[in-house]
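First up is the structure itself, then whatever we jot down about it.
The values are calculated or read from the model by the stated rules, or taken from the named source; none is laboratory data. Just so it is clear, the model here is predicted, and its values are computed rather than measured. All Cβ positions, glycine included, derive from the backbone under ideal geometry; neighbour counts span all protein chains shown. Surface accessibility is based on the protein's heavy atoms, side chains included, excluding ligands, DNA and RNA. Shrake-Rupley method; radii C 1.70, N 1.55, O 1.52, S 1.80 Å.
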Amino acid sequence: MSGIVEGRVVIVTGAARGIGRGHALEFARQGAKVVVNDLGAEVDGTGSSEAAAAVVEEIEALGGEAIVNGEDVSDFDGAARLVQSAVDHFGDLHVLVNNAGILRDRMLVNMTAEEWDAVIRVHLRGTFAPLRHAAAYWRGRAKAGEPVDARIINTTSSSGIYGNPGQGNYGAAKAGIAGLTVIAAKELERYGVTVNAVAPAALTRMTQGLIPSGAAADPDDIAPLVVWLSSAEARGVTGRVFNVRAGVISVAEGWHAGPAVDKGGRWDPAELGAVIPALVDKAAPNALTNGQIPGRES
Ligand SMILES: NC(=O)c1ccc[n+]([C@@H]2O[C@H](COP(=O)([O-])OP(=O)(O)OC[C@H]3O[C@@H](n4cnc5c(N)ncnc54)[C@H](O)[C@@H]3O)[C@@H](O)[C@H]2O)c1
């Protein structure tokens, strides 16, 4: 199949359903060879199934190439096997899309340590582990003098970068993924690897009840940006986070240093009451959960 990622070898994690399935199918339509990773878990991360096989069948029915991989992305050695499976089967790896995720929502006062650990593990470690092994593979290629033009696209959330009550574990993991994206972009540029993230909004089993049914939020609307970011055309874009919902794409502008004061020496805590409230008043307010700055909604 021909398209903007023709011949590229792509891993999509959590690709059995929802947004990841949309990525895998669009990559195949655009000519990529796809490793369809998925543990086949429930929304809360429990259980496993062969759900990824159906996506591989759909891709083959389109005339594309794909293989199934059932590794748990948060298993460090499993993530190494995932990366190796792409190289063994398709001879190379060009793109890693970290998309797998789970939810265990709870207000912080009631959250258990297990709910915290499970969500941090799948999202944060489950992004780090495949990224780590893919990056080592590309560094090896670059050091051997071979051309590398590779891509990592991570998946964050408005819940993490803007803050959504009831999702302390999930939001902390997703904010961590946004931070990791910026750092990985800086570290991997020298090897020919770009690293970006998307913060999607789409109606899937994960967002039932969170996004009104019937809202414009098709999970397949996220893939076009992810596929473009994976193409040769996107070589100059790295370290960025994009909000995506339906046809709307915006750049999530990150933390930056705002208004400052400098005494020229150490402050006495008692002096700060006359300084900090005025400083906070001068600064832009934090964005709302939808990413808009209050009073400046577009
Ligand atoms: N749907 C939204 O509006 C929305 C918003 C913000 C962020 N996201 C993020 O987008 C991604 C996809 O979410 P979705 O809405 O399509 O959810 P989904 O539940 O439909 O799909 C997630 C997939 O990840 C798989 N998975 C879970 N744990 C795994 C593991 N350890 N290893 C391998 N696969 C695993 C699941 O089996 C499932 O198929 C997630 O990272 C989610 O946090 C979604």
**Prompt:** Helix 52-61 versus the longest principal axis of the chain: what is the Cα-based angle in degrees, 0 to 90, to the nearest 10?
**Reply:** 60 degrees
**Asked** Can you pull the three principal axis extents for the Cα set of the range 158-283, in Å, largest first?
**Response** 54, 42, 24
**Prompt:** Using the C-alpha gyration tensor of the chain, what are the square roots of 5 times its eigenvalues, in whole angstrom, with the largest one first?
**Reply:** 35, 23, 19
**Complete:** Taking Cα atoms only, helix 168-188 is inclined relative to the longest principal axis of the chain by an angle, in degrees rounded to 10, of 70 degrees
**Asked** Just going by the charge dipole of the range 111-165, with Lys and Arg at +1 and Asp and Glu at -1 on Cβ, which of GLY140, GLY126, ASN164 is farthest out on the positive end?
**Response** GLY140
**Asked** In terms of Cα to Cα distance under 17 Å, which aspartates and glutamates are near enough to LYS33, apart from those fewer than 8 places away along the same chain?
**Response** GLU6, GLU57, GLU58, GLU60, GLU65, ASP88, ASP92, ASP149
**Request:** Quantify, in whole percent, the carbon and sulfur part of the accessible surface of the range 9-252 (1.4 Å probe; protein heavy atoms only).
**Result:** 52 percent
**Asked** How about LYS263: which aspartates and glutamates have a C-alpha closer than 17 Å to its C-alpha, ignoring those fewer than 8 places off in the same chain?
**Response** GLU271
**Request:** Please figure out what share of the DSSP beta bridges in the chain is antiparallel and state it in percent, rounded to the nearest 5.
**Result:** 15 percent
**Fill in**
Averaged per residue, the 1.4 Å probe accessible area of the chain, protein heavy atoms only, in Å², is roughly 49 Å²
**Message:** Using Cα springs under 10 Å in a Gaussian network model of the chain, which residue among ALA61, ALA52, ALA178 shows the largest mean-square fluctuation?
**Reply:** ALA61
**Request:** Quick one: pull the percent of accessible area on the range 258-298 belonging to carbon and sulfur, 1.4 Å probe, ligands and nucleic acids left out.
**Result:** 54 percent
**Prompt:** Tell me, what is a quarter of the convex hull surface for the C-alpha atoms of the range 258-298, in nm² with one decimal?
**Reply:** 3.8 nm²
